[in-house]
1. Using Cβ contacts closer than 10 Å as the measure, can you line up A:V61, B:V86, A:V141, A:V102 from fewest to most?
2. Please compute, for peptide A:151-162, the average count of beta-carbon atoms on other protein chains lying within 10 Å of each residue's beta-carbon.
3. What would the Debye equation give as log₁₀ I(q)/I(0) for the protein assembly as shown at q = 0.07, 0.11, 0.13 Å⁻¹, counting only Cα atoms as equal point scatterers?
4. Enumerate by residue number the GluC sites (Glu not before Pro) in region B:178-244 meeting two conditions: DSSP loop (anything except H, G, I, E, B), and at most 15 other Cβ atoms within 10 Å of the site's Cβ.
5. Chain A: longest stretch without exposed GluC sites (Glu not before Pro) (DSSP loop, at most 12 other Cβ within 10 Å), sites themselves excluded?
6. Once R0 is set to 45 Å, what does the formula 1/(1 + (r/R0)^6) return for the Cβ-Cβ distance between A:D185 and A:R54, expressed as a FRET efficiency to the nearest 0.05?
7. Quick check: pseudo-label points 7 Å beyond the Cα along Cα→Cβ at A:E248 and B:N81, how many nm apart are they?
8. Over all alpha-carbon pairs in region A:119-247, figure out the percentage whose distance exceeds 24 Å.
Amino acid sequence: MARIIVVTSGKGGVGKTTTSASISTGLARRGHKTVVVDFDVGLRNLDLIMNCERRVVYDFVNVIQGDASLNQALIRDKRVDTLYILPASQTREKEALTKEGVEKVINELSETFDYIICDSPAGIEHGALMALYYADEAIVVTNPEVSSVRDSDRILGILQSKSRRAEMGQDPAKEHLLVTRYNPDRVERGEMLSVADVEEILAVPLLGVIPESQIVLNASNQGLPVILEEQSDAGQAYDDAVARLLGEEREQRFMTAQKKGFFSRMFKGG
Amino acid sequence: MSDTATSGVQQVFQLKSASVSMTALELYYFDSDEFEETLRNKINQAPGFFQDTPLIISLEKYEGLDSELDFFNIIGACRRNKIHVVGVRGGNDDQRRLARGAALALMPGNNQRDKPHEAQATDEKPELPAAHTHQAAPEPPPAKIISQPVRSGQQVHAPEGDLIILAPVQAGAEVLAAGNIHVYGPLRGRALAGIHGAESARVFCQSLEAELVSIAGHYKISEDLQDNGWKSAVQIQLRDDLLVVTPLDKA
């Protein structure tokens with residue numbers, strides 16, 4: 001049976017698609033057959049970050065409506081050969097994602113894949129509900145600021161009450177907290193919530209902390225999942241998160257401010 | 001589908017004994033205008049709490065004339081305020097006949113229920129209706145226990161009895177109970193205890209960070225709660241129509 005994991009947040013722009021790309025790439029690099037599904041119908045981005053936008057022929061909605069087979073729509077990643085992408089439609093309405101249609105596709109994917117990563121759109125509307133409906137696990141992406149935390153809390157509530165697991169009375173979906181865009185300097189200055197604050201408010205186990213970094217933006221623009229930037233702290237932080245998702249114990253990193261060296265203090269006058 | 005068709009044992013319904021706690025309106029006398037005005041004032045104190053609630057009219061303390069007792073008028077006034085009168089409690093035979101005429105259910109009054117008192121006090125009326133003599137004491141409604149966090153946008157409702165939450169109540173969440181509310185975690189959302197008017201209800205929490213706390217319609221918002229016991233373990237109760245916050249370690 002495939003593990004179905006939704007990457008969700010409630011709030012937009014916090015790093016869901018970046019996270020979906022990196023987590024799925026990380027899982028696939030460890031040899032797990034992985035597919036990442038873009039649920040953001042109408043505003044598709046995942047194909048850009050995965051650098052496969054020029055290879056999209058058929059999409060998720062085509063498969064649901066029977067215009068194409070799953071194999072026709074799946075795009076194989078050029079860097080990691082156990083990774084596939086199911087792109088979203090750019091032109092259709094979100095309502096094209098019917099519960100039955102999504103179920104059919106998820107079931108079919110479950111037969112061949114180990115991991116199904118569902119990249120949720122922002123908000124709590126239909127697309128987001130469909131993305132989390134079939135999930136066994138959820139990675140809740142949260143920025144260390146109050147409104148993002150509040151929205152994450154909201155989506156966690158929806159996950160508990162509106163997912164298939166909730167409706168069937170099964171065990172609730174397993175929740176993971178991923179704090180992104182973390183800037184320890186700004187936390188020290190009191191401009192951001194600390195990881196401890198976010199964890200305490202949301203009461204969800206911490207999967208990882210991704211430091212705020214220019215590398216993330218550059219990687220996205222180049223169509224490269226940031227986890228492949230192995231030298232960067234953001235890339236390493238995603239690799240840690242994938243390891244923890246697979247049950248490995250890894251110590252949390254990148255949570256404290258770098259001590260400024262003598263020279264940088266001299267030259268920046270800090 | 002197929003199993004309901006094949007199994008002949010499935011019944012349309014089953015009758016079960018249930019004890020439901022309800023709001024009783026203790027009527028002292030009846031005047032149409034005063035009645036509706038008082039009702040509206042009561043509701044305004046706790047907007048939303050009374051919406052679509054069942055109500056019984058208690059006649060035990062009624063001192064007005066039987067002829068003034070216009071049940072159709074009472075029902076109409078309640079309907080206009082979204083309250084449903086389901087029956088009457090107590091009252092003499094004439095009053096109960098009027099109630100039956102208005103299609104209301106008849107419930108035994110407190111003095112009819114309290115057997116020992118009755119037997120002692122009135123020797124000239126030794127026979128009680130058989131149905132009332134062996135009425136079991138109503139079981140207190142069980143507390144509702146929640147062990148998952150109550151998240152923003154969620155509402156947990158204990159329409160009878162207490163509500164016990166073994167997890168945080170998050171900002172933007174709402175918990176309501178007819179009785180007490182216990183939160184073994186931070187209370188960051190809204191907590192409304194005694195929603196059917198129980199003024200003895202209390203709210204207990206491990207850390208008071210609430211947006212709103214209400215007991216029997218008397219409420220305080222976050223701003224007014226900051227000065228006393230904020231972010232600490234407290235209980236909140238109603239004293240002389242005022243919400244009083246006391247630390248739990250000094251209770």
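We did not get these values from a lab; they are worked out from the coordinates using the rules stated. Remember, predicted model here, so these are calculated numbers, not experimental data. Ideal geometry is used to build each Cβ from the backbone, glycine not excepted, and the neighbour counts take in all protein chains shown.
1. B:V86, A:V102, A:V61, A:V141
2. For this peptide, the per-residue mean of nearby foreign Cβ atoms is 5.
3. -0.57, -1.02, -1.20
4. Sites meeting the loop and neighbour criteria: B:E199.
5. So the longest stretch without any such site is A:1-92.
6. Values: r = 39 Å, r/R0 = 0.86.
It comes out at approximately 0.70.
7. 6.7 nm
8. Values: 2762 of 8256 pairs.
It works out to 33 percent of all Cα pairs.
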